[in-house]
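Down below is the structure, laid out as C-alpha cells.
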Amino acid sequence: MKMNLTLKKVIFYEIIGRDKDHKLEQTEENDKSDRKEEDKKAYNLRPSRKRDYSYHFTMVSIKTGLEKWGDKAKNALFDELNLFKKEKVFEQVVSPSMEQMKSAFRVHCFMTKKRDGRIKARAVADGRSQVWYLEEQTYSPTVRLESIMLCSLIDALEGHDVITIDIKGAFLKAHVPKELDLIMKMDGDLARIFCELNPSFVRQEEGTLYLRCLKALYGHIEAARLFYNELDYSLTRRMNYLRNKYDPCVYNRKNEDGTTTTIKTHVDNLKVSSKSSD
C-alpha cells in the first residue's frame, strides 16, 4: 500500500514538472514570435508567405494555351514563329524521302505564363530519338564559380561598370553543320500557323510540314555546344577577345585607352565588365 502511495506521488510530481516545462516552452515561443513581429515593424519587413513555384512547371499545349489565354497566347506564338522566320531557321523539304519522313524529329510547342503576366511560347525539337554522342561533343561549358567571384572582386576594387546580357533566341544563331542533316516535321495548329506566317511553305496532303533545320533548335542534343562554338568564334575572331587558359568561358580584351573588358559566359547569359564606357 505504501509503495503504491509513493509511486502515485512520484507520478504526480512528474506530471506537474512536465506541465511547468511545457508552459515555459510555450512562453519562450510566444516571446520569439513577438520579437519577430517587432523586428518586422522596426525594419519594415514584408510578412512571411509561402513561396509558390508551380508557375515554373505549368507548361501547356498550343490548344490549351489558346483556349486559356486567347489573344495573348496567339501573339506569343506568332513572336516565337516569327523568330524562326527572322533567323532563317528552316528550309522546306518539298519531296521528302521515306527515310527522311521516318527519321524526322517532331517540333513541339508549349506555352507558360510568366510571373509578370506575360505569355511565353517555346518551340522545341523532340530530340529523344537522336544518336547520342560523347559529352565533350554536346555540352556547353559554363563559367566557373571561382571565376565569377574573382572577377566580381576585381570589378569592385577597380570600380568597373558591369552589365548582364541575355541573348534572345540564342541557339537559333548557331549554324547546323551540313553533315548532320536535321529533318523536322510540324503538324496540327503549329504547322498551320507557321504556313500562314510563311506563305512560301506548303504542307503535305495529310497536313504535315517537313523542314530542314539550318540553325540549332532547343531540344537538339548538339544545340548548346553549337551555340558555344558560334559565340566563341564571334568573340575571338570577330571581336579580338582572348579566351582565358584556365576557364574557357572567360574572355579578355585590351582597349585602346589601356583598360580591359572582360566577358563571362553561361550558355546564353553574359556578364560584361570594364572601366571603359565604350
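Structure data summary
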read-out: Out-of-range pairs (alpha-carbon distance over 21 Å; input Lys120/Lys168; Lys86/Lys120; Lys72/Lys215); value: Lys72/Lys215
read-out: Net charge of neighbours whose Cβ lies under 15 Å from the Cβ of Glu99, counting Lys and Arg as +1 and Asp and Glu as -1; value: +2
read-out: Extension reserve of the Glu91-Arg203 stretch, reckoned as 0.36 nm per residue once the Cα distance is removed; value: 39.0 nm
read-out: Protection-proxy order for peptides 144-152, 210-218, each taking the mean of Cβ atoms within 10 Å per residue, highest first; value: 210-218, 144-152
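Bear in mind these aren't lab numbers, they're just calculated from the coordinates by the rules spelled out. Here the structure is a predicted model, which means the values were calculated and not measured. Virtual Cβ from ideal backbone geometry, glycine too; neighbours counted across all protein chains shown.
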